[in-house]
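Here is the structure we will look at.
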Amino acid sequence: MKISKSFLPVIIIILIILAVFGIKYFGDDKNVEEEELALMDCDVDKDKRTNIIKALDAGWPEFEKSIESRPVLGATTWNNPHQYQFIGNNKMIASFEDGHVALAAIVGYECDEGIAQDFSVAETSDEFPFYAVKWNSLYDKYGDKNYGFYSYTRSISMGGKLVEFEDWTEVPQNIFIYSSKGY
């Protein structure tokens, strides 16, 4: 099939218009949605999750007063958490202790323009570290299977040795589930 020379520029213009429309339709909208999501959610990446940890740590002296279970044996406050795990739905698990008793709490937060605020306790548990059945029930109740989970700590036992980090570090292990391996 032979195309006349006068018809060829029309075909090229139509192809250019379709290409521009396709890029605009399929490309920009996705980027806009991702940018809007990143602005709304404050726990979408490692840096933002670390900022949430630092925000809760900074406000811990006031926040810990909202925990119904109180410290024992002379302690008057809960120490700052030493492990965190983000589970989606603007929720994380935080583990803390008073020097004698270890607890874990499901902590909720609101995101406003990408910043976490309004921390609240959804539930506490003295069954920490969790057996897999308990962790799964908490994850089913509060977490988001599409989100996954992200664990943060400043120290972890690996291969029988304590590994310490200078700052909050994301680790691949589920540090909230009891393991005879030490993590």
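Peptides 163-173, 79-89, 44-54, 96-106 ordered by packing proxy, namely the average of other Cβ atoms within 10 Å per residue, highest first: 79-89, 96-106, 44-54, 163-173. Restricting the calculation to Cα atoms, the range 141-183 yields a radius of gyration followed by a Dmax of 11.8, 34 Å.
Considering only Cα-Cα distances, which of the following residue pairs are longer than 28 Å: Lys141/Lys161; Lys46/Lys141; Lys65/Lys145? Violating the 28 Å limit, Cα to Cα: Lys141/Lys161; Lys65/Lys145. Panel order for Cys111, Cys42, by other beta carbons found within 10 Å of each beta carbon, from fewest to most: Cys111, Cys42. Residues whose amide H falls under 5 Å from that of Glu123, counting only those 5 or more places apart or on a different chain, are Ile106, with hydrogens built in the peptide plane. Annotation: amide H-H contacts under 5 Å for Tyr178 (H modelled 1.01 Å from N, sequence separation of 5 or more, or interchain): Phe130, Tyr131, Ala132.
How large is the translational diffusion coefficient of the range 98-179 in µm² per second when you combine the Kirkwood radius over alpha carbon pairs with Stokes-Einstein at 20 °C and 1.002 mPa s? Answer, rounded: 146 µm²/s. Over the C-alpha atoms of the range 42-171, the Rg to Rh ratio, Rh being the Kirkwood estimate, stands at 0.94. Distance between the pseudo-spin-label points of Glu62 and Asp41 (7 Å out from Cα toward the beta carbon): 2.8 nm.
Each reported figure results from applying straightforward, stated rules to the coordinates on display, with no laboratory input. This one's a predicted model, so the numbers in the text were calculated from it and none came from an experiment. Because the Cβ atoms are built from the backbone with ideal geometry, glycine has one as well, and the counts that use them run over all protein chains shown.
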